1. Lys and Arg at +1, Asp and Glu at -1: add these up for the other residues within a Cβ distance under 10 Å of A:Ser226 and post the number.
2. Of the candidates A:Ser135, A:Ser120, A:Ser320, which one comes out as most mobile in a Gaussian network treatment of chain A with C-alpha springs shorter than 10 Å?
3. Pairs of Cα atoms under 8 Å, at least six residues apart: use those to get the relative contact order of the stretch A:64-238, whole percent.
4. Note down the magnitude of the dipole of chain B about its Cα centre, charges +1 on Lys and Arg C-beta and -1 on Asp and Glu C-beta and zero elsewhere, to the nearest 20 debye.
5. If you average the C-alpha positions of the stretch A:270-286 and of the stretch B:76-129 separately, how far apart do those two centres end up, in angstrom?
6. Quick one: helix A:16-53 against the long Cα principal axis of chain A, what's the angle to the nearest 10°, folded into 0 to 90?
7. Helix A:303-331 sits at what angle to the longest principal axis of chain A, using alpha carbons and giving 0 to 90 degrees rounded to 10?
8. With each run of n ≥ 4 DSSP H residues scored as -39500 (n - 2.57), what mean residue ellipticity at 222 nm is computed for the protein assembly as shown after dividing by its residue count and rounding to the nearest 500 deg cm²/dmol?
Amino acid sequence: MINIFQVAYKNLLRKKARSALTIVGIALAAWVLVSLLGFNRGYEMSLNRDIDNLGFQILVTAKGCPYEAATLMLKGGTGLRYMKADVVAQISKEPEVDEITPMLMQAVFDPNKGESGGYSAYLGVDPATFPKMKSFLEFKQGKWFTDPEALEAVMGYEAAELEQREVGDPLLITEKNVEVKVVGILKRTGTQDDGTIFLPLKMVQKTFDKTDDLTGIGIKVKKEASISKLEDKLYQLPDVQVVSMSQVKQTIMTLVSTAKVMVFSIALIAILISVVGVVNTILMSVMERLQEIGILKSMGATAWDIFKLIWLETLILCISGGVIGAFFALGTARLTDVLIRRLLPYAPSGGLVQINPSLVLLTFGIVILIGLLSGVYPSWKAGRVRPLEAIRSQVE
Amino acid sequence: MSQTSPIVLEAHDLVKIFHRGSEDIPAINHVSLSIREGEFVAFVGPSGSGKTTLINILGCLDNPTSGKLSLDGRVVVDEGRVLSESALTKVRRDIFGYIFQKFYLIPTLTVQENVLLPFTFYRKPGADAEVGRILKLLGIDHRKDHLPGEISGGEMQRVAIARALINRPRILLADEPTGNLDTRRSEEIGELLKGLNRREGLTIILVTHNPALANIADRIIELRDGAIYKESWSSNREA
């Protein structure tokens, strides 16, 4: 026996090249859709993880002080501003504060760095609080210093590569002529920590003659506490600026949203093109088969029967395209990752394109919807063909 | 067929006018006729005589401008009042099987699948049991797994006839069924139709240019300018 599904399927086999090309078109649209939805999901996940990895949700700096090492370098190692160390005690009193860690950043010109010299950034951190807050930092070699005044250093992955240092090697702080011993080298994190040289806070304060000064205070907020409430209180402090990671995230998201709009426009265009392609293919095959459809109607097929047949053909095309596209997207997720990374102003570490089953299902849903919608017009047109058409053509 | 067989198709004063611009072209001019169950009727006539238009109307594929048509005692068209499209679909599938000059087989379906195609949409009770018999009757059972591209034109027309017969129609409408076939194959199809009529008692309405084919019918109706010009009973007609 034979059913309508077989008839629809075998109808599509009649013009293999045309059906295949239409499927390719749909597969491309599905591929773009899955990849972009995956990106949408992955990017936010990675960004959130990166921000959690900063270890603190709020950074307090002296007003006008650059809070990123990169900015400091751009300014030629100058422009640092300081706040007094007693601010730490003041902030600690706030009930929302879970953990707090003081930092002092210093930059020194090193004539031996690169071809014409460069700046080295040193971050003085408190061995009692900083490692705890940044517990996700992993060591390639060695471990944290424990003595707040020791002449010891922990180097970020890239800093160690650049200076070609290993644990046990000496490291000279130029200008100050102080030699420290490398006690630890971090694994790569993909953040600015990679290029930083960490030193014990008190030792930096002493060496640079900034005994009572800090450049930054990292704050971890209690889980149930409101970040914005604490921010408001911190704004009341004189001469400090408050950098909230939720703000940073917001800024990055705003930057990325432009890129997102662009990629979603591409997806929309891809979908529109595939819809037009499907409508065109099915309409053409209907037009070519007018007489045959007339015969089917003379055999007792109702308008609805013909509508179903043509609709089914459209659906078969779309589902095949959708399946191929989704698998293709899964297979090329890494490649897509690389391509999208180039488009973005800021890309977090980790997988940017995260495809999961519900995403694939969503895409199938969209592709089937496309099929149903684009099949309506050709199917309706086919259903209206009168059996007489079959005979009319013979008079020609 | 005998004079006492019930009338299966009755047409009264059928008129069909085509409009071309402001001009009215009468294609069918006051045609009345009745066909009895088991009859084999051939319509002949020169091109433009209206024979195809007439059997399209008789077969409910086209509507007359005026006149009345009854099938099996049921009025299908009466002075411009026509059944709904879905009711007409029922009439077509219950009463008629159609074959045309072109075979319209689906090239990617096998012979058997093509013959079974009407079942995709509608199955007359008891029709399933007929499949094997019909394939055998038409001499295509040994070809049932072949694709249409692998069989001859004559065999293709047999497949089309089998497809028309699968739902056990009361009347087989054949519009130039041998138009695409050479003389030998035409004769074969003629013999086949004759057999279906004589042995199976199938009512057949045929349109043809081919005098040899027309001659196997019991009754030959010659049309000219949309009207019945001459009606004759062939000599081989059974009493």
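The values are calculated or read from the model by the stated rules, or taken from the named source; none is laboratory data. Since this is a predicted model, take the numbers as computed values, not measurements. As a convention, Cβ positions derive from the backbone with ideal geometry for all residues, glycine included, and neighbour counts pool all protein chains shown. Heavy atoms of the whole protein, side chains included, go into the accessibility calculation; ligands, DNA and RNA do not. Shrake-Rupley method; radii C 1.70, N 1.55, O 1.52, S 1.80 Å.
1. Details: positive: A:Lys222, A:Lys229; negative: A:Glu96, A:Glu224, A:Glu231, A:Asp232.
So the surrounding residues net to -2.
2. Result: A:Ser135 has the largest fluctuation of those listed.
3. Working: 336 pairs, mean separation 50.7, N = 175.
About 29 percent, as a whole number.
4. On the way: 30 positive and 31 negative charges, 82 e Å.
About 400 debye.
5. 30 Å
6. Roughly 20 degrees between the two axes.
7. 30 degrees
8. Details: 21 runs with 283 residues, N = 635.
It lands at -14000 deg cm²/dmol.
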